[in-house]
1. Leaving ligands, DNA and RNA out of it, rank Phe103, Phe155 by accessible area with a 1.4 Å probe, largest first.
2. Based on the alpha-carbon set only, what is the convex hull volume of segment 133-182 divided per residue, in Å³?
3. So who's got an amide H within less than 5 Å of the one on Tyr98, skipping anything under 5 residues away but keeping other chains? H placed 1.01 Å off N, in plane.
4. Rounded to the nearest whole Å², what accessible area per residue is found for segment 6-103 with the 1.4 Å probe?
5. Nearest 20 debye, what's the magnitude of the dipole of segment 10-154 about its Cα centre given +1 on Lys and Arg Cβ and -1 on Asp and Glu Cβ?
6. Could you work out how much longer the chain between His195 and Arg69 gets when fully extended? Use 0.36 nm per residue separation minus the Cα distance between them, nm to one decimal.
7. Could you compute how much accessible surface His195 exposes when probed at 1.4 Å, giving the result in Å² to the nearest 10?
8. Given a cut-off of 31 Å, name the pairs among Lys39/Lys206; Lys21/Lys206; Lys145/Lys206; Lys21/Lys101; Lys39/Lys153; Lys39/Lys101 whose C-alpha atoms lie farther apart than that in the structure shown.
Amino acid sequence: MRILIVEDEVDLARALARGLKQEGYAVDVALNGEEGWAKGEINEYDLVILDLNLPDMDGLEVCRRLRERRPELLILMLTARGRLEDRVIGLDQGADDYLVKPFYFEELLARIRALLRRDLRARQPVLRAGDLTLDPAARVAWRGKRRLELTAKEFAILEYLMRRPGEVVSQEDIIEHVWSEDVNLFTSSVRVHIHSLRRKLGDDAKHPRYIETVAGGYRLLASEGEGNENPSAVP
């Protein structure tokens, strides 16, 4: 999952980004409203954590624009304004949830998980493909009855592939949705993580049961045994 934090308090923005990255999320930061809108317009985020009081363009305007562009986008609004009318305005402008400062980081994480569970408009609560099962909210995955011990990046890649079973997904698509914007686009990290993920799945790149390498990227097989016996390229 890729998250955008739009927050003008630099220390808070950095602390939130650091904490969320440790939880396995890809995180970008914008320090004012204009930058937040620009990044939200260019990149495909799953969730925006949006401060209400921002320089250049206030949070309500950013929220309105983001909601018009992507109705399915999750927006969690942060603010020091705790009055009922302020919360109502924020929700009416399109925010999905509202968190008043100061707050505990654990509560922010709980609200993010709750938003994911409630977001049935574009997401399935539990993903399944063949004998693979993945719970995005609980951040656990299984192969059959065996729980998979995945790193944060491996989990995010598997989730991205499982949301698109049978589709060819390029390395650029994976970088866009799994890594933060400061990633080196020329890195071999995607190949390295795919290789590690295959190993943990007990998969074989030459005879894939789960992740197939095809021209243009990778494809998660909808069920076991659907792979090409001789793919043209393997990582």
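The values are calculated or read from the model by the stated rules, or taken from the named source; none is laboratory data. Since the structure is predicted, the reported quantities are computational estimates derived from the model, not experimental observations. Don't worry about glycine lacking a Cβ; one is built from the backbone with ideal geometry, like all the others, and counts go over all protein chains shown. All accessible areas refer to the heavy atoms of the entire protein, side chains included, with ligands and DNA or RNA removed. Shrake-Rupley method; radii C 1.70, N 1.55, O 1.52, S 1.80 Å.
1. Ranked list, largest accessible area first: Phe103, Phe155.
2. Dividing the Cα hull volume of segment 133-182 by its residues yields 82 Å³.
3. Here Met77 satisfy the definition.
4. Each residue of segment 6-103 exposes 44 Å² on average to a 1.4 Å probe.
5. Computed charge dipole of segment 10-154: roughly 800 debye.
6. Net length gain for the segment: 41.8 nm.
7. 110 Å²
8. Too far apart for the 31 Å limit: Lys39/Lys206; Lys21/Lys206.
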